[in-house]
Amino acid sequence: TPAVVLRNVSRTYGDPANPIHALRDVSVELRRREFTAIMGPSGSGKSTLMNVIAGLDEVSAGEIWLGETPLVGLDDTARTLLRRRHIGFVFQSFNLVPTLTAEENIRLPFVLAGRKPDATERSWITHLVRSLGLSERLDHRPSELSGGQQQRVAIVRALANRPTLILADEPTGALDTRTSREVLHLLSVAAREYGQGIAMVTHDPVAASYADRVLVFADGRVAGEYRDLT
Ligand code: ADP
Ligand code: ADP
């Protein structure tokens with residue numbers, strides 16, 4: 001099964017007599033192992049797409065599945081549980097908790113889920129931390145890390161509990177060119193080698209070229225789909 005399926009999803013805002021159409025009848029599948037870039041001008045519906053997939057915003061019509069579970073119609077509590085199980089987030093601004101160390105930030109998804117990582121998960125986290133060169137940084141707080149290190153910590157945090165899909169919103173927007181390339185390479189490795197489904201919103205065509213597939217939004221619709229831009 002695909003990681004996430006949207007079928008005929010619409011989202012309108014404002015006055016029903018004169019609505020703003022943020023998403024218009026969008027049908028999209030996001031698969032495991034696939035790194036999808038989402039592009040399009042400001043106001044084309046990219047944030048709304050991410051928000052409805054994460055269950056942070058409600059659809060006006062249509063259906064969404066996270067794995068086997070339909071999202072539409074669930075109450076807030078059920079949506080929150082589903083989000084924690086299925087979705088990892090990576091943001092432009094890293095969104096690490098400033099008072100926690102790198103290690104505590106990485107373990108946050110487990111704390112929120114009210115459980116401790118088991119032995120397999122602990123060795124997975126150790127593997128990620130080592131392969132991203134963060135072993136010597138685990139006791140550091142975000143303010144003591146470079147932007148690239150902070151984003152790597154955020155990516156380990158997003159991968160730690162093996163979510164069905166990672167939603168990455170302009171993950172390289174605050175990074176220099178070299179660090180951006182490292183982060184993009186890391187995301188493509190996560191998809192190819194770890195089987196991680198990834199959807200990344202970006203305005204940067206170079207960033208999009210790391211993806212397997214590019215969806216271009218315009219006026220709330222998927223206006224174009226491209227594969228293997230490199
Ligand atoms: P982006 O940089 O991703 O394009 P936006 O500025 O479009 O970000 O949106 C940022 C957040 O504000 C999103 O969560 C979006 O849903 C919300 N938002 C966007 N436009 C409006 C609006 N007209 N009224 C209220 N909220 C909005
Ligand atoms: P993008 O992320 O591509 O910039 P958005 O999904 O933020 O686009 O916005 C799509 C359209 O929906 C825009 O016209 C935006 O102003 C509108 N919109 C988004 N969120 C809201 C909101 N909470 N209230 C009203 N309008 C919104």
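The values are calculated or read from the model by the stated rules, or taken from the named source; none is laboratory data. Remember, it's a predicted structure, so these values are computed and weren't measured experimentally. As a convention, Cβ positions derive from the backbone with ideal geometry for all residues, glycine included, and neighbour counts pool all protein chains shown.
Checking each residue in the stretch 206-224 for being of a type outside the set (Gly, Ala, Ser) and away from ligand 2 (no atom under 16 Å from the Cβ) picks out Val206, Tyr210, Asp212, Arg213.
If you go through the stretch 1-35 and pick out every residue that is β-branched (Val, Ile, Thr) and touching a helix residue (DSSP H, G or I) at 6+ places or on another chain (Cβ under 9 Å), you end up with 4. Cβ-Cβ distance below 8 Å, separation of 6 or more or different chains: which pairs start in the stretch 141-157 with a residue that is farther than 24 Å from Ile87 by Cβ and end on one that is of a type in the set (Ser, Thr, Tyr) and in a helix (DSSP H, G or I)? Every condition considered, the pairs that remain are Ser146/Thr179. Looking at the stretch 84-111, which of the residues that are touching a strand residue (DSSP E or B) at 6+ places or on another chain (Cβ under 9 Å) and hydrophobic (A, V, I, L, M, F, W, C) is farthest from Leu134 (Cα to Cα)? Among those that are touching a strand residue (DSSP E or B) at 6+ places or on another chain (Cβ under 9 Å) and hydrophobic (A, V, I, L, M, F, W, C), it is Ile87. Scanning the stretch 21-68 for residues that are touching a Pro at 6+ places or on another chain (Cβ under 9 Å) and within 13 Å of Arg11 (Cα to Cα) returns Ser60, Glu63, Ile64.
If you go through the stretch 48-69 and keep only what is under 15 Å from Val222 (Cβ atoms), within 14 Å of ligand 1 (Cβ to nearest atom) and either touching a Ser or Thr at 6+ places or on another chain (Cβ under 9 Å) or not β-branched (Val, Ile, Thr) (or both), you end up with Leu49, Met50. When we screen Pro117, Pro109, Pro142, Pro98 for residues that are farther than 25 Å from Gly173 by Cα, of a type outside the set (A, V, I, L, M, F, W, C) and touching a helix residue (DSSP H, G or I) at 6+ places or on another chain (Cβ under 7 Å), the only hit is Pro117.
Give the residues of the stretch 47-57 that are more than 11 Å from ligand 2 (Cβ to nearest atom) and either outside any loop (DSSP other than H, G, I, E, B) or closer than 17 Å to Pro19 by Cβ (or both), sorted by residue number. Listed by number, the list holds a single entry, Ile53. The sole residue among Gly62, Gly133, Gly114, Gly73 that is surrounded by fewer than 20 Cβ atoms within 10 Å (Cβ to Cβ), within 16 Å of ligand 2 (Cβ to nearest atom), more than 17 Å from the chain's Cα centre (by Cα) and not in a helix (DSSP H, G or I) is Gly62.
Just to be sure I understand, how many residues within the stretch 205-226 are over 19 Å from Val28 (Cβ atoms), crowded, with 16+ Cβ neighbours inside 10 Å and not aliphatic (A, V, I, L, M)? Residues flagged as over 19 Å from Val28 (Cβ atoms), crowded, with 16+ Cβ neighbours inside 10 Å and not aliphatic (A, V, I, L, M) within the stretch 205-226 amount to 1. Restricted to the stretch 80-95, and to residues there that are farther than 18 Å from Pro171 by Cα and either modelled with pLDDT of 95 or more or within 15 Å of the chain's Cα centre (by Cα) (or both), the residue that is farthest from ligand 1 (Cβ to nearest atom) is Arg85.
Assessment of the stretch 3-15 against the conditions (among the aromatic types (Phe, Trp, Tyr), near ligand 1 (Cβ under 10 Å from one of its atoms) and on the phi < 0 side of the Ramachandran plot) yields at least one matching residue.
Of the residues making up the stretch 29-46, those that are within 16 Å of ligand 2 (Cβ to nearest atom) and surrounded by 15 or more Cβ atoms within 10 Å (Cβ to Cβ) are Thr36, Ala37, Ile38, Met39, Gly40, Ser44, Gly45, Lys46. Pull up the stretch 142-198, narrow it to residues that are β-branched (Val, Ile, Thr) and surrounded by fewer than 17 Cβ atoms within 10 Å (Cβ to Cβ), then point me to the one that is farthest from ligand 2 (Cβ to nearest atom). Ranking the candidates gives Val189 first. For Arg24, the conditions (1) part of a strand (DSSP E or B); (2) over 26 Å from Gly224 (Cβ atoms); (3) within 13 Å of ligand 2 (Cβ to nearest atom) all hold with the exception of (2).
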